Structures are given as C-alpha cells and as structure tokens.
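Can you keep this structure in mind? I'll have questions shortly.
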Amino acid sequence: MRDNLKGVAVIFDLDGTLIDTAGDLAAAMNHVLLREGLEPIPLAEVRHLVGHGARAMLRRGFEAHGRQPDDDAMDRHLQLFLEHYYANIAEHSRPFPDAIEAIGRLKEDGAKVAICTNKREEPSRLLLQALRIESLFEAVVGMDTTDKAKPDPKPVRRCLELAGAREGVFIGDSDIDIKAAEAAGLPCLVASFGYGPRLLMGEAYASFDEYRSLPALVYDALD
C-alpha cells in the first residue's frame, strides 16, 4: 500500500462537488427569466439543471416554461445571465463542509490538485478567487479551456498534464463526471450530496457522504 500521493493529481469537478453554487446560479437564471416575464425556478429544481454549462442550464430553464428561444435570443439571455452571475458570483456559494481541509490533507501527502469543470474557465477562476482558494489548485480547466467539455476525456487529461501528474483520481457528482473519468482511465469518487444525476453510480469506484472520508478513499482508489 502506498504511503504518499506524489505524482498523483486529484481532480475535482466544481459545481455540486467542491462548491455549492446552486444559489448563485439560480439567482442569475431567475434574473433572466423574470426579465422575460416568467416565474422563477425553485432552487431545489435548479440543482438538477447544473452540469452542462451556463447556456445549457439557461436553455433548460426556458424549456421548463415551454419556451425555446432561438440562438440569437439565447445569446442575449446568456449575456444577461453572465453579467448578473459575475457580479454576484460568491454571494451564496461556499465550499462543501470539510472540502478545503480534505484538500489540505491531500496536498500534505504530495498530491497535486486541479479543477475540471463544465463551467467556463474565467468564471471558475473568479469564483475561486472570490472564495480565496485559487492558490490551492495547480490547474483550472473549464469547458472552454480545451475544444471539448466533459464527458470527453480531453479536459481531464489536460488537468493531468498541467499538474505534471502520472496518475489521478477524479472527484465528481454526476454521470458526466463518471463518464469523463472512465474515458480518461481514472477511478471516480462520487459526492453523494452533489447535484447529480447519478444513474451510473455502478461504474464509479465509490461514493462518499462527507469530505472527511475522501483522503482515505483516494488511497483506496489508487491501490
């Protein structure tokens, strides 16, 4: 059994895995919907719309009202969404309990830590900066950092490259993450408290209910 994590990258999904961002994403989406005379979508429902990027989430918000804006309209809606989101990016968003402490333990054991998200890179970095945790990560790869988004393995492999790691473990909360990790040849540990969906849990290495258990699971996944 290994006694350290040197040469290992622990790669985290962002929204719903590392940080609970649903409150601020919901506020931005509902800001757009209200401007269009539509009812806001409850926070509990917004959690299940996260994962494919802002444009897809916003489109699903309109579809929930039976609306399907064309591409030009979606461009305008997305711009309004991003303006509101950037201005309020960490109003409600916070790391999940014990997440930062778990990252500290992983880094103490020699791991490199990275973010691989379907959020764009710029707002991802702005969020990490606002929460004063950007310095923890050797790499931040968003959906626009490469020419592919998860579940394609390319952004996962880019994280490994930027972290200078030989092997890795992916930490996610949804089927997108499970498929991306599998495609990249990495074991996936799934946050049971995340936004999901998690229909493919049988393909993940394991799930965890709290971050205090994560470091030990990382070691297990690598053995």
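The values are calculated or read from the model by the stated rules, or taken from the named source; none is laboratory data. Small disclaimer: the values here were computed from a predicted structure and weren't measured. Here the Cβ is made from the backbone with ideal geometry for all residues, glycine too, and neighbour counts use every protein chain on show.
Would you mind stating whether GLY168 is of a type in the set (Gly, Ala, Ser), buried (at least 24 other Cβ atoms within 10 Å of the Cβ) and in contact with an Asp or Glu (Cβ under 9 Å, 6 or more places away or on another chain)?
no
To continue, here is another question. Only one of GLU108, GLU63 is in the same structural domain as ALA180 (by TED's automatic domain parsing), on the phi < 0 side of the Ramachandran plot and free of Cβ contacts under 8 Å to residues at least 12 places away in the same chain; which?
Only one candidate passes the filter, namely GLU108.
Here is a follow-up. Is it the case, given these coordinates, that ASP98 is surrounded by fewer than 21 Cβ atoms within 10 Å (Cβ to Cβ), within 28 Å of GLU182 (Cβ to Cβ) and touching a Pro at 6+ places or on another chain (Cβ under 8 Å)?
Here the answer is no, as ASP98 does not meet what is asked.
Let me ask you something else. Tally the residues that are under 18 Å from the mean Cα position of the chain (by Cα) and among the basic types (Lys, Arg), restricting the search to segment 27-59.
Adding up the residues that qualify gives 2.
For segment 117-137, state whether one or more residues are closer than 17 Å to LYS179 by Cα, touching a Pro at 6+ places or on another chain (Cβ under 8 Å) and surrounded by 18 or more Cβ atoms within 10 Å (Cβ to Cβ).
no
Per-residue answers, yes or no, for (1) more than 13 Å from GLY16 (Cα to Cα); (2) in the same structural domain as GLY110 (by TED's automatic domain parsing); (3) over 14 Å from the mean Cα position of the chain (by Cα); (4) among the aliphatic types (A, V, I, L, M):
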residue: GLY185; (1), (2), (3), (4): yes, yes, yes, no
residue: ALA191; (1), (2), (3), (4): no, yes, no, yes
residue: TYR195; (1), (2), (3), (4): no, yes, no, no
residue: LEU199; (1), (2), (3), (4): yes, yes, yes, yes
residue: GLU203; (1), (2), (3), (4): yes, yes, yes, no
residue: LEU217; (1), (2), (3), (4): yes, yes, yes, yes
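Sticking with this structure for a sec: Out of the residues in segment 197-223 that are within 23 Å of ARG47 (Cβ to Cβ) and of a type in the set (Gly, Ala, Ser), state the one that is modelled with the lowest pLDDT.
So, considering only residues that are within 23 Å of ARG47 (Cβ to Cβ) and of a type in the set (Gly, Ala, Ser), the one modelled with the lowest pLDDT is GLY202.
If you don't mind, another one. Has segment 46-64 got any residue that is of a type in the set (Val, Ile, Thr), closer than 28 Å to PHE170 by Cβ and modelled with pLDDT of 95 or more?
no
Residues being of a type in the set (A, V, I, L, M), buried (at least 17 other Cβ atoms within 10 Å of the Cβ) and either closer than 16 Å to LEU78 by Cα or without any contact (Cβ under 8 Å) to a residue 60 or more places away in the chain (or both): count how many of those fall in segment 14-50.
Looking only at that region, the number is 11.
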